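The values are calculated or read from the model by the stated rules, or taken from the named source; none is laboratory data. The model shown is predicted, which means the values in this text are computed figures rather than measured ones. Please note: Cβ atoms are built from the backbone with ideal geometry, for glycine as well, and neighbour counts cover all protein chains shown. Protein only, heavy atoms only, side chains kept; ligands, DNA and RNA dropped before computing areas. Shrake-Rupley method; radii C 1.70, N 1.55, O 1.52, S 1.80 Å.
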Amino acid sequence: VLMSSPEIASLSWGHMKVQGSTITYKDCKVWPGGSRTWDWRETGTEHSPGVQPADVKEVVEKGVQTLVIGRGMNEALKVPPSTVEYIKKQGIDVRVLQTEQAVKEYNALVAQGVRVGGVFHSTC
């Protein structure tokens with residue numbers, strides 16, 4: 001049975017709640033059947049140059065059809081073309097949006113039954 005993607009239950013500055021998890025995340029990764037904290041230190045990510053293939057690889061490998069990237073409330077987090085290319089090369093539709101818009105988009109896709117993944121930055 002294919003697990004469905006968990007809905008983002010709530011979003012506010014620095015706080016994200018994901019259905020099925022008791023943890024309040026600051027930044028998070030979500031995929032069909034799960035979620036976890038997105039710790040930038042794991043990959044040495046900075047606001048610029050931004051989201052690296054290494055940041056999305058884990059979600060890409062969960063068999064998602066669409067990946068939504070939340071760039072932060074003020075869109076301070078960059079997403080370089082190389083990362084978008086990497087995702088597209090895997091045959092995955094990618095959407096890069098301001099985080100509130102990204103969460104709306106993500107939840108809409110969940111509601112449609114799409115196998116959607118996301119990486120979201122909940123502050124700047």
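Criterion first (open to solvent by less than 60 Å² (accessible area, probe 1.4 Å), at pLDDT 95 or above and more than 13 Å from the chain's Cα centre (by Cα)) does Thr123 satisfy it?
Yes.
Out of (1) more than 12 Å from Val51 (Cα to Cα); (2) under 14 Å from the mean Cα position of the chain (by Cα), what's the single condition that is false for Ile69?
(1)
Only residues that are of a type outside the set (Gly, Ala, Ser) and under 29 Å from Gln112 (Cβ atoms): list them for region 29-56, please.
Lys29, Val30, Trp31, Pro32, Arg36, Thr37, Trp38, Val51, Gln52, Pro53, Asp55, Val56
If I go through region 77-104 residue by residue, how many of them are in contact with a Leu (Cβ under 7 Å, 6 or more places away or on another chain) and within 20 Å of Met3 (Cβ to Cβ)?
Of the residues in that region, 2 qualify.
What single numbered condition from (1) closer than 23 Å to Gly91 by Cβ; (2) more than 12 Å from the chain's Cα centre (by Cα) fails to hold for Gly20?
Single failed check for Gly20: (1).
Could you look through region 100-117, keep only residues that are touching a residue at least 60 places away in the same chain (Cβ under 8 Å) and closer than 11 Å to Arg71 by Cα, and pick out the one that is farthest from the chain's Cα centre (by Cα)?
If we take residues in region 100-117 being touching a residue at least 60 places away in the same chain (Cβ under 8 Å) and closer than 11 Å to Arg71 by Cα, then Glu100 is farthest from the chain's Cα centre (by Cα).
Using the structure shown, decide if Thr37 is farther than 16 Å from His121 by Cα and among the β-branched types (Val, Ile, Thr). I'd like the intermediate steps shown before the answer.
Values: farther than 16 Å from His121 by Cα: no; among the β-branched types (Val, Ile, Thr): yes.
Against the criterion (farther than 16 Å from His121 by Cα and among the β-branched types (Val, Ile, Thr)), Thr37 does not qualify.
Answer yes if at least one residue in region 17-29 is of a type in the set (A, V, I, L, M) and under 16 Å from Leu109 (Cβ atoms), and no otherwise.
Yes: one or more hits.
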